[in-house]
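This report concerns only the one structure given below.
Throughout, read-outs are computed from the coordinates displayed, never taken from laboratory work. Everything numeric here is computed off the predicted structure, so don't read it as measured data. Cβ sites come from the backbone with ideal geometry, for glycine too, and all protein chains shown count toward neighbours.
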Amino acid sequence: MDVALIPHIDPIDIDLGSSDKGSPNTSAKPRKKTMTSVYLKYFETAADGKSRRCKFCGQSYSIATATGNLGRHLSNRHPGYDKSGDIVSNPARQPTSIIKKSQPQGKPQQIDYDHLNWLIVKWLILSSLPPSTLEEKWLANSYKFLNPSIQLWSTEKYKAVFREVFRSMQEDVKASLEHVSSKISVTLDFWNSYDQISFMSVTCQWIDESWSFQKVLLDITHIPYPCGGLEIFHSIVKVLKMYNIESRILSCTHDNSQDAVHACHALKEHLDGQKVGPFCYIPCAARTLNLIIDDGLRPTKSIIAKVREFVLELNACLDISEDFVQFTTVYQEGNWKFPLDASVRWSGNYQMLDIVRKAGKSMEAVIRKYEETLGSKMLLNSAEKNVVNIVHQYLEPFYKTTNNICTNKVATVGLVLFFMDHISETVAACRDSRHNPDWLKSAAEDMAKKAKNYSNQVCNIFTYMTAILDPRIKGELIPENLNSGNHLEEARSHFMRYYSSNHFPSVTSGYSAQEIEDGGSVSFAEEIARKKRRASMSNATDELTQYLSEPPAPIPTDVLEWWKVNNTRYPRLSVMARDFLAVQATSLAPEELFCGRGDDIDKQRYCMPHDSTPALLCIKSWIQSGFKLKYKSSEIDYERLMELSATSTVDSSTAGSDKKSK
């Protein structure tokens, strides 16, 4: 095994290493070839002598089938069958010897099959597959088919490797956080697995010194029974202490559940007691918005279900989808890209409304043409179409809002509050309109309650400071109930207390204890110096005043790039901005909640066994964040492993061809 690529693994511990099984017997003389077709060795003759069965897939052929047809079966169904090994056998299965072409000395062409196992490790991680996947016999047999010498590690060995990789990479993550000079914000996400085990993911975010947004998963931890607020609180504190960031936490964004709220409240009391600085927890805007949208969709639930059945048929049948495209061209009802989004999330639900509103004629024409297959129940009556048109028009601003939040590079608290305020205004206008039907007003009333509840939770001095530090928002675009004179004065006070002196020792003022003992007598030069320092303190306040006096930047502005360019103009305020702009308005990536991508994530989490979840998902996230996969502090060079695999494949192919020609 190449120690430069893969670290040494104790064979007693997890028994890794190349297998000696299947070594060629070079002492035996080659057998004389028979006149039997080479394809027959991949088939076995049935006991009755009337058929032959493929050793790979079990398909049977008549004993009279031409060997050329057997060859075509092998080529089409089992490409590479002739490279699986150099074993030559006749139909009578007589013992045979294996001949290996001699290799030039100094260049042995030998495959280290532990390389293969390490490639499988990465495949399992990136695919979020548990080690038990390799217990499937067909998978092991497939590798044996490629080369009988291959030996996969046992499931327990893979688990042991994962645990060690997890520990090694976790140390790297911990070390990287030690160099973070700004405050850190965390987000919480929760889910249950198929065996009803409760998990919580803790992710941290910050803005580095080059004004790049950074995000890393800290841990996925099991929440012990009864999985309440107290258990969540203890789990959070354990993670923060493990990474030594407890004193640097600025905020926590939770998933709006009562247990999470209680845990965050306990965390605030805990941090306040340690006097580590200000801390605040805020609800997830994306989850609130999703609940608001669900109320808006309520009148169309049954209609959406019918349209979704139609869309699933479109996605499944090429003929139906082609006819749909032709009809949309004839009726000029737009271009539609397949497969259509049929998820039950907001993006899929809106797609259902979109089809009825924009391609209603084509939909009806396809259903009528394939009525025997689809049934007439999918046809919508005029009342249903009218309901869809009204709801589609009403929810269109919501769809644009979620698209903006999902696609924004950094969805700051200020920007999300700006959008949520617009949503509240849209809902209020619908509720108060005399022209809207009562069923829509009823839905809007429920939506307004949820929007108001969110506003009451999120509107405080902490979110105010976070919002005004977004140069696109400042004071002009902040929601009215958040923009008060008291908040501005409190923000000035916070800025002066934590950012005008703590980060800049030169601006500190006041008499020392020794000077007080001496009656406060100081030199003339010291008096001048103190006046300069007091002026510097005033200039610090002026940074905030000057910043807020300028008009907001355009909404498309890259917030972090703006601060990167302007941090020399606001040296103190930019330090505060680095801290507060990392605060998250959502507890998870918005697209995971609003789009079909969330379905894939939920499926992976739900199916993941308890003993594999933390290690696999954390390692995958760390690799995606740029950390190198390590085993016992040694990096695994996967690029080199892939090169070796490709070289071995070519060499094996060449060797197989040479043996055939003999």
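Going by neighbour counts of Cβ atoms within 10 Å, the residues His73, His254 line up, fewest first, as His73, His254. Amide H contacts of Trp191: Phe199, each under 5 Å away and 5 or more positions distant or on a separate chain (H built 1.01 Å from N in the peptide plane; Pro and chain starts excluded). The distance between label points at Val276 and Glu550 comes to 3.4 nm (points 7 Å beyond Cα on the Cα→Cβ vector). Taking each residue as 0.36 nm, the span from Ser75 to Asp294 lengthens on full extension beyond its C-alpha to C-alpha distance by 73.5 nm. Taking label points 7 Å from Cα along the Cα-to-Cβ direction, Val38 and Ser127 give a separation of 3.1 nm. Would you mind checking the pairs Lys174/Lys564; Lys215/Lys449; Lys215/Lys564; Lys409/Lys603 and listing those with alpha carbons more than 28 angstrom apart? Pairs exceeding 28 Å: Lys215/Lys449. Judged by the mean number of other Cβ atoms found within 10 Å, the most tightly packed of the peptides 413-425, 592-604 leads the ranking 413-425, 592-604. Could you tell me the calculated FRET efficiency between Lys358 and Cys607, based on Cβ-Cβ distance and R0 = 35 angstrom, to the nearest 0.05? My answer for the efficiency is 0.45.
Between Asn486 and Ser376, residue separation times 0.36 nm minus the direct Cα-Cα distance comes to 33.3 nm. Kirkwood-type hydrodynamic radius, the range 289-407: 14.6 Å, calculated from all non-identical alpha-carbon pairs. From most to least packed by mean Cβ count within 10 Å, the peptides 620-630, 374-384 give 620-630, 374-384.
Computed from phi, the 3J(HN,Hα) profile of the range 337-350 under the Karplus parametrisation 6.51, -1.76, 1.60 (θ = phi - 60°) reads 9, 9, x, 6, 6, 10, 5, 8, 7, 4, 4, x, 4, 5 Hz, with x in place of Gly and Pro. Between the amide H of Cys280 and those of Ser251, Cys252, distances stay under 5 Å, these residues lying 5 or more places away or on another chain, with hydrogens modeled in the peptide plane. The length gained by stretching the chain between Lys385 and Gln59 to full extension, at 0.36 nm per residue less their Cα-Cα distance, is 112.1 nm. With both labels modelled 7 Å from their Cα along Cα-to-Cβ, the Lys306 to Ser154 distance reads 5.9 nm. Taken as Cα centroids, the range 282-348 and the range 240-257 sit 38 Å apart, rounded to the nearest whole angstrom.
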